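This report refers to the structure that appears directly beneath it.
No value in this document is a laboratory result; all are computed from the given coordinates. Since we're looking at a predicted model, the values are computed, not measured. Every residue, glycine as well, gets a Cβ built from its backbone with ideal geometry; the counts of neighbours run over all protein chains shown.
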Amino acid sequence: METTTQQTPMLKYLKGEFEHEVTSTRKLLEAVPEKDLGYKPSDISWTMGELAQHIATIYYWYVGTFTQDVYDLTADKLERGDTNDIKATLALFESNVEKARAAFQSLTDEKLQDPWTMKVGEKVVLGPMPRGIVARGFLFNHIYHHRGELIVYLRATGNKVPGLYGPTYEEGIQS
């Protein structure tokens, strides 16, 4: 006798991961001290403030990714505020998270399969590829990558790193 199992839609998992990771990103951004926003590890690196703001900005890109088949960054205007004001960056983050949540409501499992393209003006910079792959790579993994960088910045400036997936060294877990 053949048994079938109920498949849980991918969208449910993406939404769950999104909500879990929003909490982790918030903890990390809240750990960024105003005094170190100008720190950068090299001449070609972003400052800590620029990096934090970039992380907050990625959440805005969920809207264009989930609601448009072709997303043109040059046609999209986002007021970001001062990179030397962590409170402004946190407010940007919270606002963008709410916009991302709303964009999630327009998404279906079927739409995750639809082709999606990112352009800067007439230049295609990403895609076309299935929207679900873009969600993983361009949105989720992009945030995780930059959060890792921000953790290095925090440690390099002597700041405590909050635990995102369990306690950190600074929170008392020492080898």
Figure the gain on full extension for GLU34 and GLU17 (residue separation times 0.36 nm, minus the Cα-Cα span) and round it to one decimal in nm. 3.2 nm
Within the chain, helix-based [θ] at 222 nm, where runs of 4 or more DSSP H residues each add -39,500 (n - 2.57), nearest 500: -15500 deg cm²/dmol
When the Kirkwood radius is taken over all Cα pairs of the chain, what Stokes-Einstein diffusion coefficient follows at 4 °C and 1.567 mPa s, in µm²/s? 74
Straight-line reach from LYS111: which aspartates and glutamates have Cα under 14 Å away, leaving out those fewer than 8 places along the same chain? ASP69
Which aspartates and glutamates, if any, have their Cα less than 20 Å from the Cα of LYS40, not counting same-chain residues under 8 positions apart? GLU30, GLU50, ASP82, ASP85, GLU149
Give me the distance between the Cα centres of the stretch 129-158 and the stretch 8-72, rounded to whole Å. 7
Length gain on complete extension for the stretch VAL124 to TYR144, per 0.36 nm per residue less the alpha carbon to alpha carbon distance? 4.8 nm
How much FRET efficiency would the formula 1/(1 + (r/R0)^6) give for THR168 and ASN84, where r is the Cβ-Cβ distance and R0 is 35 Å, rounded to 0.05? 0.85
Which order do the peptides 13-21, 45-53, 92-100 take when ranked by the mean count of other beta-carbon atoms within 10 Å per residue, highest first? 45-53, 92-100, 13-21
Largest first and in whole Å, what are the equivalent-ellipsoid semi-axes of the stretch 92-175 based on the Cα gyration tensor, each being the root of 5 times an eigenvalue? 33, 16, 13
